[in-house]
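Heads up: the structure comes next, in structure tokens.
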Amino acid sequence: MSETVRTSLVIAYLGGGLSGWQVQAGRRTVQGELQRALERVCGRSIQVTAAGRTDAGVHAIGQVAHCDVPAGIPARGLHAALNGVLPADVRVLRARRAAGTFHARRDATAKRYRYRIAWGMTLEPWEALRTWEVPYRLDVPAMSRAASALVGTHDFTALALSGHSGTGRRGCSRTVHGAILRRHGRRVSIIVAGDGFLRGMVRRIAGALVEVGRGAQPPTWIAALLVDPATRPTAPTAPAFGLTLERVFY
């Protein structure tokens, strides 16, 4: 086998027509589309490893992955060639040579997600593909007060999908570096950055904040969920299509 070089990829995708990141038999996935494209370009089967798996329907503008490609293919040429064969809903934004020890998942130090919500307006079709439209006006200041409780290191069991117990020594403990809301008229973005996220965690954060925003729960409810995962009611899970992975930090 010829010499290979490690290459890092920054990837964007619209998740609506994809069953998440990980390869699944009989389903379109981001990893599957990238590996098919790499095989066409490089003439061999190549594994792609991402900074983290995104669920079905979730989008990305800054997913990072690594792969080992034949040394004779320059990064710029690989970038162009992959976009020439990938479907329209998956795009490689950048391709760069990386150190042989670089690992997209293990070397990541933080990730940033954005969840988009709108109410009382008609969205452009391309915005509707990645925005949760709710049927009620939201109290954004109350949501911001509630979101402040997320910052810091907590047990996020109550804000993970049911049955998800975390992995490794950390269990469900994660550190959120920032959780802010940005409003533009009748649109609001929930921006959450942290050292890692449990499966469904950002979607449940969004769902819980919407409950606060519509007046169904007080702002203190978020803090109560973090102190005691048995707090009732449980946080609802917001739809996947409102969520975008924006950036992975190294």
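Brief remarks on what is shown
- Hey, R183 in a helix (DSSP H, G or I) and either of a type in the set (K, R) or surrounded by fewer than 19 Cβ atoms within 10 Å (Cβ to Cβ) (or both) or not: no
Every residue, every condition in (1) within 20 Å of the chain's Cα centre (by Cα); (2) in a helix (DSSP H, G or I), yes or no:
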residue	(1), (2)
A179	yes, no
V192	yes, no
G196	yes, no
I205	yes, yes
L209	yes, yes
V212	no, yes
A216	no, no
A223	no, yes
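- Residue match in region 166-175 (condition: over 23 Å from K111 (Cα atoms), out of contact with any Cys (no Cβ under 6 Å at 6 or more places or on another chain) and not small (G, A, S)): no
- Of all residues in region 41-83, those that are in a strand (DSSP E or B) and of a type outside the set (A, V, I, L, M) total 8.
- Residue match in region 36-49 (condition: out of contact with any strand residue (DSSP E or B) (no Cβ under 7 Å at 6 or more places or on another chain), without any contact (Cβ under 8 Å) to a residue 60 or more places away in the chain, surrounded by fewer than 21 Cβ atoms within 10 Å (Cβ to Cβ) and of a type in the set (A, V, I, L, M, F, W, C)): yes
- Some residue of region 106-127 being part of a loop (DSSP other than H, G, I, E, B) and within 16 Å of the chain's Cα centre (by Cα): yes
Taken together, the values in this text are just the output of simple stated rules run on the coordinates, not laboratory data. The structure displayed is predicted, hence computed values, not measured ones. Neighbour counts are summed over all protein chains in view; Cβ atoms, including those assigned to glycine, are modelled from backbone coordinates with ideal geometry.
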